[in-house]
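Okay, structure first, notes after.
The values are calculated or read from the model by the stated rules, or taken from the named source; none is laboratory data. All values reported here derive from a predicted model rather than from experimental measurement. A quick note on method: Cβ atoms are made from the backbone with ideal geometry, for glycine too, and the neighbour counts reach across all protein chains shown. The accessibility values were calculated without ligands, DNA or RNA, using every heavy atom of the protein model including side chains. Shrake-Rupley method; radii C 1.70, N 1.55, O 1.52, S 1.80 Å.
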Amino acid sequence: MYRRAPPKTRIKVSLQTRGHTPADVQGTWSNADIEQTAHAISALAHPLRLSIVALLAQGERSVSELCEQLWSSQPNISHHLWILHSRNLISARKDASRMFYALTDRRLGALATMIPMQGS
């Protein structure tokens, strides 16, 4: 069990990337920022959702394309797309009767490429 910091506390975050500290990853995060980011990133904890994000990092896809590429049913893919969409990680557009999805932020695709764990 962890303790929560008081609501008005700000936490200084400084991330190192291979010995470099890019300006865009430095900053001060409020507890609300941390909670919101953790909530969004937790959506990637499911293997199918991570696979969807990895495919969408390559470009927009329709639901049927995702079903074919991930060998999963349309209701299952739609459920996971709904979760990603509800956390504002992907956007949707309708073209005739087909739904197309894309990442809302290209950095999410870059993050997905950094995550893979190599076999032990």
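Leaving out ligands, DNA and RNA but keeping every protein chain, what accessible area does residue 37 have, in Å² rounded to the nearest 10, with a 1.4 Å probe?
Rounded to the nearest 10, the figure is 50 Å².
Of the options 77, 99, 114, report the single residue whose Cα projects farthest towards the positive end of the charge dipole of the stretch 67-120 (beta-carbon charges: Lys, Arg +1; Asp, Glu -1).
Of the options given, the answer is 99.
Once ligands and nucleic acids are excluded and a 1.4 Å probe is used, how much of residue 85 is accessible, expressed in Å² to the nearest 10?
Surface accessible to solvent at residue 85 totals approximately 80 Å².
Got a number for the accessible area of residue 49? Probe 1.4 Å, square angstrom, nearest 10.
It works out to around 30 Å².
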